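The structure appears right after this line, and notes come after that.
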Amino acid sequence: MSKKIVIDPITRIEGHLKVEVEIENNKIVDAKCSGMLYRGLEKILIGRDPRDANQITQRICGVCPMAHAAASAMCLDDAFGISGKITKNGWLVRNLIHVSNHIHNSILHFYHLSALDYVDVSKVSRGVSSELDLVCKFLERDKYYPFVPREEDFRLPQKINERMVHNYLKALEIRRNTHEMLSVFGGKMPHQCGIVPGGVSQNIDAGKIESFLGKLKDVKEFIDLYYIRDLIDVATYYPEYFQIGKGCENYLAYGVFPVRKNGKIEKFQPSGIVIGGEKFEELEVSEIRECVNHSWYEGEVKNPACDFPEVDIEKENAYSWIKSPRYRGEVFEVGPLARLVVAYRKGQQPWKGAIESFLSELKIDIGKLFSVLGRHIARTIEAKVLTEEAMKWLLQINPEEPFYTNYEIPEEGEGNGLSEGARGAVGHWIKIENKKIAHYQVISPTTWNASPKDDKGKPGPIEQALLGTEIKDENNPVEVLRIVRSFDPCLACAVQIMNRKKLKSKQVILWV
Amino acid sequence: MESIKVIWLQAAGCTGCTVSLLNSPSFKIKNLLLDEIVPGKIVSLVFQPTIMGGAGEKVICVMKEESERDFFLVVEGAIPTKDGGVYGKVGEKTFLEIFLELSKKAKGVIAIGTCSSFGGIPAAKPNPTGCKGVGKVMEENGIKKLLINIPGCPPHPEWFIGTLFKIIKGDELKLDEYKRPVDFYGMLIHENCPRRPYFDKGKFAKNFSEEGCLYLLGCNGPFTYSDCPLRQWNGGVNWCIKNNSPCFGCVESDYPDGTTPFYERKSIEELGEEK
């Protein structure tokens, strides 16, 4: 007899996600991931001033607006014909704004979105720290909202558990620091205004560099002293999560953080794909297609270059607003783990070295990273390497040189911007007619990861990661939640599509 | 100890309002969650999807039980109303159904963010999902409840916490015609703008690399009511105009359609007039 478990809403993620699993003999035999919100933001962009896309697309997601700020700015640079003219300072400051949010997301995800799956807030004692005393006072309440109700599988020894509860609270401040750091160059956060087509909005002086550096140092100290240790402790006490949540083992990254070196642009994190966890290949963007067989849109397999599915609320067998992007017809995972596996298999430093040193400290091989814990480890490695690199970028800023390149909006034009949000590969595509947006498309990380089944019935990455998992207690399906959360889904990002306007252009790739 | 129950519903939004609240600089989030707000009074955050421990049916049950009496409803995001609200669901129900049920029982409703207050980004033309602000939805359904709008894309954390503080303390809250607390939305950005002398002298920046008033670059400061220039953002580190970016008018009821194109000069005739 099979039994169905429905979890709706999945909490401690961004947005509205429903997960349905079917269980036979305690094992998941079928899994369905459903995006439950549709806003149609790309449709809202049509007919607007192209520059507005840089602000409006950030509102796709308030947790990772940087992904869209960066990708839309690159997309507009391309359409305005100024991609090659962004100055060294322009790239450095853009990267520093962008990287602040990647670091922010690692900390937010580990402590505030995931830790409550592993850490028991109600098991702390007085006299350890002022933070824990505050928690003890809280525990005198009748009801421990918002920390209950919850799934329970807590194994950390008292001292480690207490340290992590303390760090959960400490991380609230450190995460806030990363946004303050970001806003030194970005103006405000969420929804920054510093990254603009042409570069950045303000010139940076020594005072601002110092202000950013001071905040970065606080964040770095927390990562080096606490975050890495907390992660290793979770990995030590929940070791079976190196086997759970493997997924499709295909990884895709667009690459991110372009730096101008000797007149050439190089990405600090490379683009590429890795097949079966092993084989690296360069990325061919034209190999991407989307299936809507199980999504609430008309039709089946869509050639993104020419098809435009309309909403079909009544569609049989559909169960999500998210579509299913596929690369050469295969399922690919995106995100921090994908970025790291791509860099590792490509042999790009300093990533390869950083990954090897973590693997040897944990005494595991690279294959173990294809798991729930692997995704957490990937975020930690990124936070560590990126804070170190951010210091270097900061010191390369030359306040005497330009930060911004002026431009004219062309009558007609098209462009694309490929970048990485904290959660994975993000692409923006634009077409301009009469100086207005004639077409705009976004394909976001969670569209890949939380995609439903495709034309061949192949489940998406999160669905695959769930399949075969043993559920110890059907009334407490903590395994499902830990797997889903390890992907750090962002649902607002995953669904914003729909476009009715047909295009003549062959080159623009449309994800509809 | 008096407990003020809060249910935080997320509808058609981006979670940016939640993240902005987490950025609260002086009133720490740990104190909001764990400690007394004023002596003898605590906030019990019954339901908040981004940070709560549980998931699925368990939390939907809690929402149901705790919404029987004595709670404040906070709504983040607009309410999709087209096609019966089918474009947004949680726990098998549309946001619209859940919002109507909860708002009827709530002691009061706080709309956090411009989407929830006025429709905001998802309600921008052509408004594909029929998104509306909660005030509009309440009015159309004959729900008469205390409503406070805390717009902003996102709102400053202190606008929300400051309002909550006044409610909890029992202070009188003065609202403007858009139901925004005048404590935070009482003055034009233009009145307090540090670049006002540039405007008065006619020194205007024509692109981002120039110093000057940002009016010609599309600044909405002369038409936008908020205390951003005084309060500043992210712990006072910066704010849009200080960052050499025009104000986007994100707290206004006609944002974004009425405040775009963001980087084009707005009509000078509107200057000094009530919007």
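Bear in mind these aren't lab numbers, they're just calculated from the coordinates by the rules spelled out. The shown structure was predicted, so the numbers you read here are calculated from the model rather than taken from an experiment. Positions of Cβ are backbone-derived with ideal geometry, glycine not excepted, and every protein chain shown enters the neighbour counts.
Computed quantities for the displayed model
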| item | result |
| --- | --- |
| Dipole of segment B:7-145, positive end: most advanced residue of B:C131, B:G91, B:V62 [Cβ charges, Cα centre] | B:C131 |
| Exceeding the 31 Å Cα-Cα cut-off - candidates A:K43/A:K315; A:K431/B:K179; A:K363/A:K458; A:K261/A:K435; A:K43/A:K220 | A:K431/B:K179; A:K363/A:K458; A:K261/A:K435; A:K43/A:K220 |
| Label-point separation, A:K435 to A:V6 (7 Å along Cα→Cβ), nm | 5.2 nm |
| Nearest-0.05 FRET efficiency for A:S122 and A:L467, computed from C-beta distance (R0 45 Å) | 0.85 |
| Ordering of A:182-190, A:20-28 by packing [mean C-beta count within 10 Å, highest first] | A:182-190, A:20-28 |
| For segment A:424-456 and segment A:346-407, distance of Cα centres in Å | 26 Å |
| Prolate/oblate/rounded label for segment A:200-294 (Cα gyration tensor, a/c 1.5) | oblate |
| Dipole magnitude (debye, nearest 20) for the protein assembly as shown, charges at Cβ of Lys, Arg, Asp, Glu | 640 debye |
| Estimated distance in nm for a label pair at A:K137 and A:E408, the labels positioned 7 Å out from Cα along Cα-to-Cβ | 6.4 nm |
| Volume in Å³ per residue [convex hull over Cα atoms, computed for the protein assembly as shown] | 147 Å³ |
| Diffusion coefficient, µm² s⁻¹, Stokes-Einstein with Kirkwood Rh over alpha-carbon pairs of segment B:2-183 at 20 °C and 1.002 mPa s | 130 µm²/s |
| Rough spin-label spacing in nm, given labels placed 7 Å along Cα→Cβ, for B:R69 and B:E97 | 2.7 nm |
| Value of relative contact order over chain A, rounded to a whole percent, pairs C-alpha under 8 Å and six or more apart | 26 percent |
| Cβ neighbours within 10 Å from other chains - mean over A:172-180 | 5 |
| Within 10 Å of each Cβ in B:1-8, the average number of Cβ atoms from other chains | 2 |
| Part-to-part distance (alpha-carbon centres) for segment A:1-68 and segment A:231-298, which is given in Å | 18 Å |
| About the Cα centre, charge dipole magnitude for segment B:187-275 (Lys/Arg +1, Asp/Glu -1 at Cβ), debye | 440 debye |
| Order of B:T259, B:T129 - criterion: other Cβ atoms within 10 Å of each residue's Cβ, fewest first | B:T259, B:T129 |
| Only Lys, Arg (+1) and Asp, Glu (-1) charged, at Cβ; segment A:110-199 dipole about Cα centre in debye | 180 debye |
| In segment B:120-204, trypsin sites (Lys or Arg not before Pro) in a DSSP loop with at most 15 other beta-carbon atoms within 10 Å | B:K144, B:K145, B:K174, B:K203 |
| Potential extension, B:N207-B:M187 segment - 0.36 nm per residue separation minus Cα distance | 4.5 nm |
| Among A:143-149, A:279-285, B:4-10, B:152-158, the order from most to least packed when residues are scored by Cβ within 10 Å on average | B:152-158, B:4-10, A:143-149, A:279-285 |
| Of B:S267, A:L156, B:N238, farthest towards positive along the dipole that unit charges on Lys, Arg, Asp, Glu beta carbons give the protein assembly as shown | B:N238 |
| Förster-model FRET efficiency, 51 Å R0, B:N141 and A:D218, C-beta, rounded to 0.05 | 0.60 |
| Shielding by partners, peptide B:62-71 (average Cβ within 10 angstrom, other chains) | 1 |
| Ranked B:Y198, A:Y118, criterion: other C-beta atoms within 10 Å, fewest first | B:Y198, A:Y118 |
| Cβ-defined net charge surrounding A:D488, 11 Å radius [Lys, Arg +1; Asp, Glu -1] | +4 |
| Pairs from A:K4/B:K5; A:K18/B:K132; A:K27/A:K279; A:K143/B:K166 whose Cα-Cα separation, in the structure shown, is over 26 Å | A:K4/B:K5; A:K27/A:K279 |
| For segment B:187-275, the spread of Cα positions along each principal axis, largest first, Å | 28, 28, 20 |
| Pairwise Lys count, segment B:187-275 - Cα closer than 17 Å, eight or more residues apart or different chains | 5 |
| Exposure proxy ranking, count of Cβ atoms within 10 Å, fewest first, for A:R229, A:R289, A:R39, A:R94 | A:R229, A:R289, A:R94, A:R39 |
| Among B:E252, B:E97, B:E76: highest mean-square fluctuation, GNM of chain B, C-alpha pairs under 10 Å | B:E97 |
